[in-house]
Amino acid sequence: MPILTPFTPTGKIDKTNLLRHLDLLESSGVRQVLVNGTTGEFFSLLPEERKEVHKIVRKHFKRNVLFQAGADSLALTLQLACWAQDNGADAVMTLPPYYMAKVPDDALVDYFNNIAAKISIPLILYNFPKHTQNPLTPDLLARIDHFGIKDSAADLSMIPATPKYYVGGDDKILNAHNSGAYGFVSARANAFPELFGKMDRAIAAGKSEDAREIQIIISTVKKHLSGPNGIAMIKYALSKKLTGYPLIVRSPLVGMDDEQIQALSVFLNEFCCDNIL
């Protein structure tokens, strides 16, 4: 699960609320968390802040901790990946380069294999072509030394091409499982860990009818907590469980306006209380 990064009113990492959130996730049965993912606003964190978040999570969360090391240069990505390994990360996840679009295939293969050669813990690739403009493909995966892939494009054709496929699309969790996926990664699980835990258990137990019903609920949640304000929406939903959890997002993200808050509040009150909370 890609954990949110809370901020204080002065813009610092909010350790108190990060710890409160970790307690909620652990008590809800979450088995692993990803720090510095898209949901964690890694793109607006300094490298030292990314390390700070990891240190807090690694010290407090007793289960698996994954570190997203992708940066805007191979040099920084390597530095962060090696640092994460030396500081207790159970796996490293990394994006492709995300400034130069349409990098040649050979260059992408070399980029990732450079990272794989420097670490001994699992390397999970992170496919997010919407932002990187460098999509991963089955042909590329066959040439990259990797443990698995988290696919925010939810391209299920890649499932046979990787040892472990984690789908990043909430509305495709069940379809991905039925197609051979290993697991899923959901930003909305930050606020609704019980719901996604139910889906995980239903799939593991082979309860297909239960899983179909839960998938409908998850898809409805996604519909209402998506878009340019998606991270702010998830923080707002979490604040309904953790009173006082900050709604602050860093630039270039913006918070919700009053109309959006009202609409989301209605959804949470009318739908989620009966189905999720």
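Structural remarks
- Selection status of Gly40, small (Gly, Ala, Ser) and on the phi > 0 side of the Ramachandran plot: no
- Restricting Lys55, Lys130, Lys62 to residues that are surrounded by fewer than 22 Cβ atoms within 10 Å (Cβ to Cβ), more than 25 Å from Phe184 (Cβ to Cβ) and of a type outside the set (Phe, Trp, Tyr) narrows the list to Lys55.
- Scope the range 197-238; condition surrounded by fewer than 20 Cβ atoms within 10 Å (Cβ to Cβ) and among the small types (Gly, Ala, Ser); matching residues: Gly197, Ala204, Ala205, Gly206, Ser208, Ser219, Ser226, Gly227, Gly230
- The range 178-192, residues that are in a helix (DSSP H, G or I), in contact (Cβ under 8 Å) with a residue 12 or more places away in the chain and surrounded by fewer than 22 Cβ atoms within 10 Å (Cβ to Cβ): none
- Any hit, the range 139-150, residues being surrounded by 17 or more Cβ atoms within 10 Å (Cβ to Cβ) and part of a helix (DSSP H, G or I): yes
- Evaluating Leu78 against the criteria (1) buried (at least 17 other Cβ atoms within 10 Å of the Cβ); (2) touching a strand residue (DSSP E or B) at 6+ places or on another chain (Cβ under 8 Å); (3) over 20 Å from Gly168 (Cα atoms); (4) of a type outside the set (S, T, N, Q) leaves one unmet condition, (2).
- Qualifying positions in the range 28-66 - over 21 Å from Pro122 (Cα atoms) and of a type in the set (Phe, Trp, Tyr): Phe43
- Residue check, Pro163 under 19 Å from Pro96 (Cβ atoms), touching a helix residue (DSSP H, G or I) at 6+ places or on another chain (Cβ under 6 Å) and not in a helix (DSSP H, G or I): no
- Pairs linking a residue in the range 17-44 that is in contact (Cβ under 8 Å) with a residue 24 or more places away in the chain and under 19 Å from Ala84 (Cα atoms) to a residue that is part of a helix (DSSP H, G or I) and polar (S, T, N, Q), with Cβ atoms under 8 Å and 6 or more positions apart or on different chains, are Thr39/Asn190.
Readers should treat all values here as calculations from the given coordinates under stated rules, not as data from a laboratory. No experiment lies behind these values; they were computed from the predicted model shown. Quick reminder, even Gly has a Cβ in these numbers, built from the backbone with ideal geometry, and neighbours come from all protein chains shown.
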